[in-house]
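Working notes, structure below.
The values are calculated or read from the model by the stated rules, or taken from the named source; none is laboratory data. Note that the structure is predicted; figures quoted are calculated from it, not measured. All Cβ positions, glycine included, derive from the backbone under ideal geometry; neighbour counts span all protein chains shown. All accessible areas refer to the heavy atoms of the entire protein, side chains included, with ligands and DNA or RNA removed. Shrake-Rupley method; radii C 1.70, N 1.55, O 1.52, S 1.80 Å.
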Amino acid sequence: QVQLVESGGGLVQPGGSLRLSCTASTNIFNLAVMAWYRQAPGKQRESLAVATRGGITTYSGSVKGRFTISRDNAANTMYLQMNSLSPEDTAVYYCHGGGSMGNYWGQGTQVTVSS
């Protein structure tokens, strides 16, 4: 069973930055696709950014140009660098990993953007 643990969430002012981390209990090379999602209160979970094992990254329109996803295979960790944050980015952020071993979710980390 693969475990994913997010960290790095917290309270930040509008316009600020945060970097989220997602550390896996396995070599993330085994996870062909890793992604970040978020879920705001009363809303559906939405996909934000995807990074494949081969280095391809894609972003949703709501975060493109502001967020950057990356994978560090040596550290078994995926990151989400978030810049120019606004109150609309307030949500619980989840990491996901998928591959031949299955599909796995982290427990989520809260990000609150407020002055």
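Solvent-accessible surface of the chain, taken per residue with a 1.4 Å probe and all protein chains present: 50 Å². Full extension of the chain between Gln44 and Thr112 yields a length gain of 22.8 nm, computed as 0.36 nm times the residue separation minus the alpha carbon distance. Zone of Thr52 (label point 7 Å along Cα→Cβ, backbone N under 16 Å): which residues in the range 1-34? Residues 29-34 qualify, since their backbone N sits under 16 Å from the label point. Element breakdown for the chain at a 1.4 angstrom probe: carbon and sulfur atoms account for 48% of the accessible area.
Summary of packing: across the peptides 103-110, 50-57, the per-residue average of other C-beta atoms within 10 Å ranks them, highest first, as 103-110, 50-57.
For the chain, the share of DSSP beta bridges that are antiparallel, to the nearest 5, is 95%. Note on the chain: with charges restricted to the Cβ of Lys and Arg (+1) and Asp and Glu (-1), its dipole about the Cα centre is near 140 debye.
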